[in-house]
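Take a look at the structure below.
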Amino acid sequence: MPALPGSAGTVTDTLDLGGRTLGLLRPADADELLDALLEEDDPSEDDLPFWAEQWPSGVALGRELLGRDLRGVEAVELGCGLGLVSVAAAMAGANVLATDWSRDALAFTAANAAGNGVQVATADPGALVERAPWPLVLAADVLYELRNVDLLLDLLGRLAGDGSEVLLADPGRPPWAVFEAGLGRRGWLVTELTTPIGGVTLRSLRRPGTGAGTPPSQSTA
């Protein structure tokens with residue numbers, strides 16, 4: 001078990017994702033992590049503990065993945081946080097690399113994978129591009145800041161290949177409209193997979209020129 005941050009301890013939430021149950025370990029008090037950061041002499045916005053909470057977008061994407069047969073699919077998650085999405089993908093059979101800039105997030109993801117009886121590799125995002133293309137790219141609620149838009153557009157263009165699928169869950173944050181416009185300029189194909197649930201919309205993205213090719217996984221729901 002990796003060392004986990006937060007002196008107030010941890011709690012485990014039990015999530016029902018479309019008939020499949022997943023246990024998610026998280027810090028008992030995310031505010032404690034924020035307070036510790038703000039006590040530093042020069043705290044960085046990049047270190048804000050967004051990873052320490054479970055967000056609705058992760059639940060929506062996790063439910064979608066558990067409705068698919070992902071056996072043997074190579075998948076990568078961007079900004080894994082507590083690891084719900086990566087763990088769900090592994091439970092569906094995928095070989096998953098979970099990435100995050102936060103070492104604490106990676107520690108919790110590893111613990112949550114072990115707690116649910118699956119294997120998930122973890123790494124910082126610097127390891128992504130050299131292993132591209134990825135058949136399946138996963139991201140939940142990664143557009144909470146406008147500055148992330150161009151970074152994500154460029155990164156997806158380098159990670160996805162012909163036949164790849166990007167699954168992106170977003171709760172309707174303002175940067176989405178800018179991101180969607182950028183996708184259009186680059187010719188990406190965007191398909192809404194679900195009507196918004198709890199404000200979250202799940203979309204499938206395909207690279208320009210890939211048409212309606214066979215995705216790396218098919219829903220079994």
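No value in this document is a laboratory result; all are computed from the given coordinates. All values derive from a computational prediction rather than experimental measurement. Quick reminder, even Gly has a Cβ in these numbers, built from the backbone with ideal geometry, and neighbours come from all protein chains shown.
Tabulated values for the structure
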{"read-out": "Evaluated over region 62-158, the Cα radius of gyration and Dmax, each in Å", "value": "12.7, 37"}
{"read-out": "Potential lengthening between residue 21 and residue 158 on full extension [0.36 nm per residue; Cα-Cα distance subtracted]", "value": "45.9 nm"}
{"read-out": "Whole-Å distance, taken between Cα centres, linking region 94-109 and region 164-210", "value": "23"}
{"read-out": "Cut-off under 5 Å, modelled amide H: who pairs with residue 194 long-range", "value": "202"}
{"read-out": "Among 54-66, 131-143, the order from most to least packed when residues are scored by Cβ within 10 Å on average", "value": "54-66, 131-143"}
{"read-out": "Listed peptides 93-99, 145-151, 201-207 by packing density, highest first (mean Cβ within 10 Å)", "value": "93-99, 201-207, 145-151"}
